Amino acid sequence: MHYHVILTKECNLLCKYCGGGSDTPPKEIQYSTAELGSFLRQDRNPVVEFYGGEPLLRVGTMQAMMDEMPGRFVLQTNGIHLDRVEPRYLSKLSTVLVSIDGTEEVTDRQRGKGVYERVVRNVELIRRRGFRGDLVARMTVAQGTDIKENVRHLLRSGLFDHVHWQLDFGMFWEAGEYTEPGIQEWVAKYNSGISSLVDSWVDEMERAGRVEGMVPFIGVMESLLSGEKARLRCGSGLDFFSVLPDGRVSVCPVSVDFDFSIVGSIFRNTPASLRDVATVGDPCSSCDIIDVCGGRCLFVNRSQHLLRQDGYSLICTTVKHLVKELREAQPRVKAFAEHGVVKLSDFKYPVFNNGCEIIP
C-alpha cells in the first residue's frame with residue numbers, strides 16, 4: 001500500500017491556488033518514527049511518500065525516517081529545498097515529484113517570482129548528485145493555462161522523465177477567492193489543447209518510436225490496450241492513505257481537514273484493516289466510462305456540495321473528452337505496438353503507485 005506521510009503542514013510558498021498549507025492543528029508530527037515504523041512493518045510492500053505542506057522544511061525528519069523505516073520512498077516537493085537532500089538519500093528515492101506549472105511565466109505567476117528558476121536549478125543539481133529515479137513534473141493547471149504549451153515546454157526541457165497534471169480544484173468551487181468568470185469557455189479551450197496533445201503524442205510514436213512521458217495519456221492508454229478495468233486510479237481509500245501529523249489516517253492528502261476523510265490511525269489500525277475502506281459513489285459509480293476513468297477523485301466525489309452548480313459536470317467533461325480522444329487514437333497505437341514501433345511495456349506506468357493520480 002501507499003502512504004503519504006505529512007511531515008509538516010507548513011509551506012514556504014503562497015501559491016495562488018493554495019495559500020501556504022493547512023492551518024488545522026496539529027501542524028507538526030506528534031508520533032515517533034518507531035511508532036510509524038511499527039505500523040508500516042505490518043505491510044509487506046509499503047510505499048512511503050513524503051508530503052506536506054512542504055516536506056523538505058523537515059528534511060532531517062525525512063532522512064531519519066528513511067534510515068529507520070521499511071519501504072520504497074517517494075518525495076513530493078515544491079523543489080525549493082531539493083538542494084538540502086543529501087546524495088545518499090537521493091539514491092534511496094524511487095520517484096521525486098516536483099511542483100512546476102509549465103513555463104517560467106506561468107509557474108512564477110502562480111507560485112511566486114523566481115520559483116521556476118530555483119526549481120530548475122535544483123532539479124539539475126539532484127541529477128548531478130546522482131539521482132537516477134523517476135523525475136516527475138507535477139503541474140497544477142489553473143484556469144487560463146494553455147495546457148499544450150505548458151506540457152510541451154516541460155517535456156522539451158529534457159529535465160523530467162514524466163509530466164503529470166491536475167486541474168485546480170478551486171476553479172470549480174461554488175464561491176471563493178479562486179473562482180473566476182469564464183470557466184466554461186476555458187474548459188472548452190483546455191479540451192481542445194488535450195486533443196492537440198494526444199495527436200502530437202501519437203505522431204511522436206510514429207515519427208520516433210518513442211512514447212513521451214505524459215502520465216494521463218500513458219495510464220489511460222494502457223487500460224484501453226489491455227482491456228483491464230480500472231479502479232480509482234490514485235488509490236485513495238483503496239490502497240492509498242495519508243498519515244496526518246497526529247497519527248490519524250486519511251483517505252486522501254487533499255481532504256485531511258474533512259471529517260469524512262478520517263478512517264483510522266496508525267495506533268489502532270493495521271494496513272490490512274484500511275484497505276478498500278472507501279469507494280466513489282454516484283455519479284461516478286454509474287458513469288459509462290467508470291471502467292476507464294476509475295472515478296477520478298474520491299475527495300471531489302464526496303464533497304460535491306462544495307462545487308458550483310455545474311462544477312461536477314464541467315470536471316467530467318474534461319475526463320470524458322480525454323478518454324474519447326485516447327479511444328480514437330487506440331487503433332493507431334495498437335498497430336504501432338503490433339509492428340514493433342513501440343512496446344506494450346512502454347505503457348506500464350507507473351510500475352507502482354508513485355503519487356501520480358493518472359486522471360487529471
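The figures follow:
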{"read-out": "Filter result for the condition that a residue is modelled with pLDDT under 95 and either surrounded by fewer than 19 Cβ atoms within 10 Å (Cβ to Cβ) or part of a helix (DSSP H, G or I) (or both), over Val300, Val323, Val319", "value": "Val300"}
{"read-out": "Leading residue by the ranking (surrounded by the most Cβ atoms within 10 Å (Cβ to Cβ)) among those in the stretch 327-348 that are under 20 Å from Ile289 (Cβ atoms) and among the aliphatic types (A, V, I, L, M)", "value": "Val333"}
{"read-out": "Count of residues meeting criterion [farther than 22 Å from Leu322 by Cβ, charged (D, E, K, R) and part of a loop (DSSP other than H, G, I, E, B)] in the stretch 204-257", "value": "3"}
{"read-out": "The stretch 86-99, residues that are within 22 Å of Cys356 (Cα to Cα) and touching a residue at least 40 places away in the same chain (Cβ under 8 Å)", "value": "Leu90, Ser91, Leu93, Ser94, Thr95, Val96, Leu97, Val98, Ser99"}
{"read-out": "Within the stretch 271-296, tally of residues that are in a helix (DSSP H, G or I) and either touching a Leu at 6+ places or on another chain (Cβ under 8 Å) or closer than 21 Å to Ile218 by Cα (or both)", "value": "5"}
{"read-out": "Residue match in the stretch 220-241 (condition: crowded, with 20+ Cβ neighbours inside 10 Å, modelled with pLDDT of 95 or more, among the aliphatic types (A, V, I, L, M) and in contact with a strand residue (DSSP E or B) (Cβ under 8 Å, 6 or more places away or on another chain))", "value": "no"}
{"read-out": "Val249 surrounded by fewer than 23 Cβ atoms within 10 Å (Cβ to Cβ) and either under 17 Å from the mean Cα position of the chain (by Cα) or within 24 Å of Leu306 (Cβ to Cβ) (or both)", "value": "no"}
{"read-out": "Residues satisfying the stated conditions in the stretch 167-200, i.e. closer than 15 Å to Pro216 by Cβ and either at pLDDT below 95 or in contact with a strand residue (DSSP E or B) (Cβ under 6 Å, 6 or more places away or on another chain) (or both)", "value": "Leu167"}
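A quick yes/no check of all residues on (1) hydroxyl-bearing (Ser, Thr, Tyr); (2) without any contact (Cβ under 8 Å) to a residue 60 or more places away in the chain; (3) in a strand (DSSP E or B); (4) crowded, with 23+ Cβ neighbours inside 10 Å:
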site: Leu14; (1), (2), (3), (4): no, no, no, no
site: Gly60; (1), (2), (3), (4): no, yes, no, no
site: Met65; (1), (2), (3), (4): no, no, no, no
site: Leu75; (1), (2), (3), (4): no, yes, yes, yes
site: Asp83; (1), (2), (3), (4): no, yes, no, no
site: Tyr116; (1), (2), (3), (4): yes, yes, no, no
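The values are calculated or read from the model by the stated rules, or taken from the named source; none is laboratory data. Please read these numbers as outputs of a predicted model, since none were measured by experiment. All Cβ positions, glycine included, derive from the backbone under ideal geometry; neighbour counts span all protein chains shown.
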